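Bear in mind these aren't lab numbers, they're just calculated from the coordinates by the rules spelled out. All values derive from a computational prediction rather than experimental measurement. When we count neighbours, we look across all protein chains shown, and the Cβ atoms used for this are built from the backbone with ideal geometry, even at glycine.
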Amino acid sequence: MTSDWHETELRVRYAETDQMGIVHHSNYIVWFEVARSDYCRKVGVPYTEMEANDVQLIVAEVSLRYKRPAFYDDLLLIRVSTKEIRSRSLRFAYEVVRKSDLELLAVGETLHVVTDKARRVTSLPAEYRNLFEA
């Protein structure tokens, strides 16, 4: 499923770098969330709509592998795609790429469990599943 990447463009801010002059590792997970939220809107499943319909995607796992550093003012492409859909969970895949040279900087995944507002595990509604699969 990861052949259809959706891209979100972000510029590294000074506050996202550490004393060594590279992007602090924690920012990548934040960028994953930004790109995932943008992706959900693009495919027609904004988080606000899911939450209004008593569907929440709780992060259960995060994996992240750094390949090369990113630096202040780099323009990045955060790529996201639906990797796996199960009845009660979704897995997203990510790539962080420097736009100027298309160098792959990091890869990762997040696993989300589908719950209701009471945080009881539930099934992903078919209409959402269809939009994520399209």
| field | Charged-residue dipole, Cβ positions (Lys, Arg, Asp, Glu), region 62-134 about Cα centre, Debye nearest 20 | value | 380 debye
| said: Charges on Cβ only, +1 for Lys and Arg, -1 for Asp and Glu, centred on the Cα centroid of the chain; of 17, 123, 105, which one is farthest towards the dipole's positive end? | reply: 123
| query | At q = 0.10, 0.21, 0.22 Å⁻¹, what base-10 log of I(q)/I(0) does the Debye formula yield for the chain when every alpha carbon is treated as an equal point scatterer in vacuo? | reply | -0.34, -1.19, -1.27
| message | Between helix 26-43 and the chain, what is the angle of the helix's C-alpha long axis to the longest principal axis, kept within 0 to 90° and rounded to the nearest 10? | response | 50 degrees
